[in-house]
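For reference, the structure is listed below as structure tokens.
The values are calculated or read from the model by the stated rules, or taken from the named source; none is laboratory data. This one's a predicted model, so the numbers in the text were calculated from it and none came from an experiment. A quick note on method: Cβ atoms are made from the backbone with ideal geometry, for glycine too, and the neighbour counts reach across all protein chains shown. When the accessible area is computed, the model is the full protein with side chains, heavy atoms only, and any ligands, DNA or RNA have been set aside. Shrake-Rupley method; radii C 1.70, N 1.55, O 1.52, S 1.80 Å.
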Amino acid sequence: MRHKTAFITGASHGIGRAIAETFAHAGYHLAVNCKSSEKELQILSKTLSKSCRITCLPFVGDASDEDFVSHAFQTVQKELGDINVLINNAGISHIGLLSDMSLEEWNRIIQVNLTSLFCCCKHAIPSMVHNKSGAILNISSVWGSVGASMEVAYSASKGGVNAFTKALAKELAPSGITVNAIACGVIDTRMNACFSEEERRQLLEEIPAGRFGSPQEAADLALSLVNAPSYLTGQVITLDGGWQ
């Protein structure tokens, strides 16, 4: 059977790194991307290539820059063939009052968290449509459904991810391509390191599972979703320990 290839954004650490490791162990060839953690991404790529006996191509650049994305996808096509799975994981947060937020900060959140989906999906879709198969998975947040005080821009961007997921799923279902999202709760990653010990304790008290989620749990769910029956599409699946 021909190998499968996955393209993963935001793969240098956290959920994206766990997804890359999980898919590599499952036999996928990979194209992994990050914007600034070049050393971490290079080490990850070399480690997975050697330990899992797969090809892992690193791409350092902005996933919301269409020129960069276009070049990356062309390179993957030449080196590995068609991309079977696209995982849009790149994301950043911003905590603070909306009235104190600059337009530049707002635009950056929207670009990284939402425009990157447009760029990557636009370049992944043609070969998937041609092959009548493929899977797109977007990493979202519970705040995209319920909103969070002091995180208006982040919540808005993730709400956009959820709507993007449902709309694109309808567009691509006739071609046998699935589009789903995982709405994460509090996952124990670098992004949530901003919380103080007291804030972390308060969060834990609110989560019925009594703990934060792990990047590995998100990665395991991601692999399950891309391998699920094609009738499962257009879904935003919550992974939050019963929190929201």
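Surface composition of the range 143-193: carbon and sulfur atoms hold 56% of the protein heavy-atom accessible area at a 1.4 Å probe. Of the residues ASP67, ASP220, ASP82, which exhibits the maximal mean-square fluctuation in a Gaussian network model of the chain defined by a 10 Å Cα contact cut-off? Fluctuation is largest for ASP67. For the range 11-128, the per residue solvent-accessible surface stands at 46 Å², with DNA, RNA and ligands left out and a 1.4 Å probe.
Compactness of the range 1-83, taken as the C-alpha radius of gyration over 2.2 N^0.38 Å, stands at 0.99. Take 102-109, 11-18, 165-172 and order them by the average number of nearby Cβ atoms within 10 Å per residue, most first; the result is 11-18, 165-172, 102-109. Relative to the longest principal axis of the Cα atoms of the chain, the long axis of helix 116-131 makes an angle of roughly 30 degrees.
Subtracting the Cα-Cα distance of LYS170 and ASP100 from 0.36 nm times their residue separation leaves 21.4 nm of extension gain. Under the criterion of Cα pairs below 8 Å and six or more residues apart, the relative contact order for the chain equals 20 percent. Taking the accessible area of the range 15-76, probe 1.4 Å, and keeping the other protein chains in place, the carbon and sulfur fraction comes to 47%. Taking LYS170 as the anchor, which lysines have their alpha carbon closer than 16 Å to its alpha carbon, excluding any fewer than eight residues away along the same chain? Reachable lysines: LYS122, LYS132.
Amide hydrogen proximity for VAL186: with H placed 1.01 Å from N in the peptide plane, the residues at 5 or more positions away or on another chain lying under 5 Å are GLY213. Where a Cα-Cα gap under 29 Å defines reach, which lysines qualify for LYS50, not counting those fewer than 8 residues away within the same chain? Hits, sequence-local ones excluded: LYS4, LYS35, LYS39, LYS78.
Available extension along the chain between SER214 and LYS50 is 56.5 nm, counting 0.36 nm per residue and deducting the alpha carbon span. Sequence-ordered 3J(HN,Hα) estimates for the range 86-97 from the Karplus curve with 6.51, -1.76 and 1.60 and θ = phi - 60° stand at 10, 10, 8, 10, 3, x, 9, 10, 8, 10, x, 5 Hz, glycine and proline given as x.
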